[in-house]
Each structure stands twice: as structure tokens, then as C-alpha cells.
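The values are calculated or read from the model by the stated rules, or taken from the named source; none is laboratory data. Every value quoted in this text rests on a predicted model; they were computed, and no experiment measured them. So basically every Cβ, Gly included, is an ideal-geometry build from the backbone, and we count neighbours across all protein chains shown. For the accessible areas, the whole protein counts, side chains as well, though only heavy atoms, and no ligand, DNA or RNA atoms are used. Shrake-Rupley method; radii C 1.70, N 1.55, O 1.52, S 1.80 Å.
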Amino acid sequence: MVVVFCHDHSFFKEKARDMEKKLEELKARLTEVADLNAAGAVLFWDQSTYMPPGGAAARGRVQATVGKLAQEKAIDPAIGRLLDELRPYEESLPYDHDDASLIRVARRDYERATRVPPEFVARLNAHNSETYMVWAEARPANDFKKVRPYLEKTLDFSRELADFFPGYEHVADPLIDFADFGMKAASVRRLFADLRAAQVPIVQTITSQEPADDACIREHFPEKDQMAFCEEIVRAIGYDFQRGRLDKTHHPFTITFAVGDVRITTRVKENYLGECLFSNIHEAGHALYEQGCNPAYDGLPLAGGTSAGVHESQSRLWENIVGRSRGFWEFFYPKLQAAFPGQLKGVPADTFYRAINKVERSLIRTDADEVTYNLHVMLRFEFELALLEGTLAVKDLPEAWRERFQADIGILPPDDRDGCMQDVHWYGGIIGGAFQGYTLGNVIGAQVYAAALQAHPEIPAEIKQGKFDTLHNWLIENVYRHGRKFTAPELVQRVTGSEVTIEPYIQYLRTKYGELYKL
């Protein structure tokens, strides 16, 4: 007897069509959330650049409304239902398939978002908007008392947010996880301990020597000319002005409305060239990451950087490893001299190179050189933990800052403006998870750049010629285009062949500064 098995292909086709329909519905709902978040980003960008002070109260109300709507959309049970129904489809695909990755990342976001009530998001957004405007006035006036009650409320909000994620080992863990998925206070502390052990001797050796003379970059450099030159540089390294723009603000930032609209901001000091110059390259590094994301991910959870640390790795890679390299200025220094002949005409290239790589103990994190920078970050990270733990009260922050800063950095802050009020993070967001990404970025940036050189040893020679396409395209292919498809540990492993390690970063510092100083 012959038995004939007849597969019902129409059944499988129907199942496939059903999965496709559900996936399209999921994408439509997720895009609505992304659109509302983009609208909120536009409101923040406007507030930080052009909005008149009189609009602060109304802007806070509008941002609260938009944030609440976005949160309500993000936690719609229909999204949860679709994610559950799409799980078999996700599991049938390779891990790195775009659809599988979208469902996986969307589920992670959904599970996180459903723990936070929309009412809380609205209150937090309104508070952040108001606090930012108070800080923008209080910092120049050196008036910590004015902003203190707002910061105390921010701390309450931060603890309340963490408590939506019970079961943590440390109250900071959920907040760190928002920015650097998978990291915890304990793991960051371990990494920082290893880094401190390796880096502090380098800092001590260099700062015991006579610092480089940076007078050449502290002449008078007109704002208009600085902005024009900085625009030329960020355009040269690959920033696309057809999909972005450059504006001034209190505290430089990069903001993304879409893959086709990624904006950077800067600030200018006419008596210090380094402020505008390197903040522009730094923010352009962030923007290159966002502009390099796969356009197919636009409006979906896969768009954007995978973590704060990986994002910072790109801004620090372009700002320091490339932008402060000798080869970079072999090409750009003659152009800079032509732009500022009165200030730089008689200044040798080596003098300028040493000036932009001057190492010294300094007050301001964003002005700190790359050798001492991590000391600033580690100090802030420990303060965040102490504030959240309750072992440090907000009212005691200014004095604690002065004491710890003198102990760690070696100088005494003269005021709160350049002390505990200098960073916008706590005055426009939450306390916790705000700073560790900067040092993770230094470490990962050096590791990624080392992998790029291994693949393309010609990159340094091309940089000397003002050519950045090889490096930029390699980063697009290996880092940028993936967006949030892979976690930071997964991405680092794929790109470099190993887990996150401090060795390439320490080697980079020893090589570069071994030439400049006696190490």
C-alpha cells in the first residue's frame, strides 16, 4: 500500500501572512511612539537653543503632555499582545535577523516601559523642564540654593523610578541599566577600580612635570570665525548637513529626530579655541553614529545607539583619538593658521599639538584632557551612588564636592558654578546612570579603533591627508548601521573579537603621552 502525505501549503502561507500582518501592526504602533518621542525631542532642542525664557512654563506643560502620550502608547497592551503572538516567528529566525532583533528589542523596551506609569513620566518631564530652566539661570549666578530644592525633588524622582524595578542589588542598578543595558553598580565599580589602578600612575607622572604651554589657543578667536572653521571640520569627517545642523546652546549635545535629522550643538569661548573646536568634533562623533544607522530602522526601536557607553565611544574616538592626533593636524593646522593668521601665524605645529594635548588637573569635566578625564567621571559616579543610597544629602553636595574634588583631582573648586552645578545631567534628567557611559566610551572607543586599524592599517596615513572615508565607512559597516540590534557586549565582541577590556585604551594613552611626556 502506498501512503501519500499531502502538505497543505495554503495553511503555511496563511500563517506566514498572519505573522506578516501582526509584524506590520507592531511596527505601526512602535512608530507612533517614536514619532511622539521625536516631537518631544524637537521641543527640547528648541528650548535649549532658541526658545525665549518666557516660554518655560508652557513648554514644561507641553512636554509633559507629549511625554505622557508617548508613554501611554508605549505601554498599550496591544503591543504586549503582538509581541507574545510574534514570539514563534522571532524564534524561527536567526538571532541577528532584522525582524527577530526588532521583536527582541521592542519586547525589552515594552517590559521596561510597562513598569513606569504614564502619570509618573508626565510629572518627571514637567519637573525636568522646569529644573533645566532654573539651572540655566542659577549656574551663571553661582546660586546653588536656587536650584537645590529642584535637585532634591530630582533625587526623589530617581529613587521612585528605580523602585518600579524591584529586586535590584543597588538602587542605581535600574538607572544604570537604562543607559548601559546589562551593567550594574558593582560591575562598573570593578571596571573603574582596574582603570584607576592603571591610570592614576600615568596622571601622577605627567602632572608632576611642567605642563605644556597652551597660550596659543587662548588668544582672542572671534565666534563667527570659530563656528565657520568647526563647520568645515565636522563636514570633512563625514557629518551630513543635509541631515543635520549646528547651533549654539548652554551645554553641547546631539539630538536625533530621525535618521535624516540629527542635530548637533556647541558653545563658544572667544578666549579659548578648544571649547568650540573639540565639542564640535565630539558631538559630530555622536551624530555620525546616528546618521550611519540603517535607514530601514527609522521610527523603530532598532534605530539609535545601543548604549551610552558605545555612543560615547564614537564621540571620544573622533574627538580624541582622531581629532587630537598629530596626523589630523598635519592636514588641518595650515588651514587653521589661514583662518586665524593673527593668532597662529608664527606658532609651530608642534607647539599647537602639545597645547591641544595639554595634561593638567582641571575644574571642568568637559574641558578635561583625556588623561585626567576619567577621574572626573568616577567622582560623579560615586556621588550618584551616595545620593541614591542616602549617605549624602543634596544640601551637603557642594561641600562634599569640594572635599572629594581636591582629594581626587588635586585642586579646590572656587565656587559651585564650576563645582557641583557644572553638568546639566542632574538638572535636566535623573540622578543615576548619567556618567559611567563616558568612561566606558573611552575604553570601548580605543578598542574599536584598534580593530579598525587591524582591518585597515592605512587609516593613520589617510588621516594625515584629510581623508576619513575608510575609517568612517568601516565604522558604519561594523558599528553604526546596526543601531540597537546588538547589546553593547555583543557588539564589542563582534567588532573586536573580545569582551570589553581596558588594555587598548591604556596602551593608547601610554603610546601617545609617552611621546609627549616622560612616562
- In sequence order, what are the phi-derived ³J(HN,Hα) couplings for the range 342-355 according to the Karplus relation 6.51 cos²θ - 1.76 cosθ + 1.60 with θ = phi - 60°, rounded to whole Hz, with x for glycine and proline? x, 8, 10, 3, x, 8, x, 4, 5, 5, 5, 4, 5, 5
- Message: Probe of 1.4 angstrom, ligands and nucleic acids ignored: what's the accessible area per residue over the chain, in square angstrom?
- Response: 43
- Message: With every protein chain left in place and a probe of 1.4 Å, what is the accessible surface of Leu363, to the nearest 10 Å²?
- Response: 40
- Quick one: order Lys13, Lys22, Lys68 from most to least accessible surface, probe 1.4 Å. Lys13, Lys68, Lys22
- Rounded to one decimal in Å, the inverse mean reciprocal Cα-Cα distance for the chain, i.e. its Kirkwood radius, is 24.4
- Query: Where the Cα atoms of the range 385-519 are projected onto their three principal axes, how long is each span, largest first, in whole Å?
  - Reply: 53, 42, 26
- Enumerate the amide H contacts of Gly244 below 5 Å, restricted to partners 5 or more residues apart or on another chain; note that Pro and chain-start residues carry no placed amide H. Val262
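Could you work out what % of the accessible surface of the chain is carbon and sulfur, using a 1.4 angstrom probe and leaving DNA, RNA and ligands out of the count? Before the final figure, lay out the partial values.
Details: 11800 of 22280 Å².
Ligands and nucleic acids excluded, carbon and sulfur give 53 percent.
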- Item | Modelled FRET efficiency - R0 22 Å, Arg148 with Glu389, Cβ distances, 0.05 increments | 0.70
- Expressed in nanometres to one decimal, the distance between label points 7 Å along Cα→Cβ at Glu32 and Glu515 is 5.6
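At a threshold of 8 angstrom on Cα-Cα distance, excluding pairs fewer than six apart, so keeping six or more, what relative contact order does the range 172-286 reach in percent?
Once normalised by length, the contact order is 22 percent.
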- Message: I'd like to know which of Met51, Ala39, Asn320 lies farthest towards the positive end of the charge dipole of the chain, counting +1 on Cβ of Lys and Arg and -1 on Cβ of Asp and Glu.
- Response: Met51
- Query: Taking H as built 1.01 Å from N, whose amide H comes closer than 5 Å to the amide H of Ile431, not counting residues under 5 places away?
  - Reply: Ser158
- Item | Computed [θ] at 222 nm, deg cm²/dmol, the chain (DSSP H ≥ 4; -39,500 (n - 2.57); rounded to nearest 500) | -20000 deg cm²/dmol
- Item | Inter-site label distance for Arg17 and Asp240 at 7 Å from Cα along Cβ, in nm | 3.7
- Pair-distance profile P(r), taking every C-alpha pair of the range 1-152, with 10 angstrom steps and integer %: 10, 28, 23, 17, 11, 6, 3, 2, 1, 0
- Can you work out the FRET efficiency for the pair Ala228 and Arg115, with r the C-beta to C-beta distance and R0 = 45 Å, to the nearest 0.05? 0.40
- Query: Per residue, how much space in cubic angstrom lies within the convex hull of the C-alpha atoms of the range 274-400?
  - Reply: 162
- Nearest 20 debye, what's the magnitude of the dipole of the chain about its Cα centre given +1 on Lys and Arg Cβ and -1 on Asp and Glu Cβ? 320
- Query: Can you give me the relative contact order of the range 112-189 as a percent, contacts being Cα pairs under 8 Å and 6 or more apart?
  - Reply: 21
- Note on the chain: contact order normalised by length, alpha-carbon pairs under 8 Å, 6 or more apart, percent, works out to 19
- Query: According to a simple spin-label model (label point 7 Å from Cα along Cα-to-Cβ), what is the distance in nm between Ala57 and Ala193?
  - Reply: 5.2
- Note on the structure: Once Val42, Val262 are ranked on solvent-accessible area with the largest value leading and a 1.4 Å probe, the list reads Val42, Val262
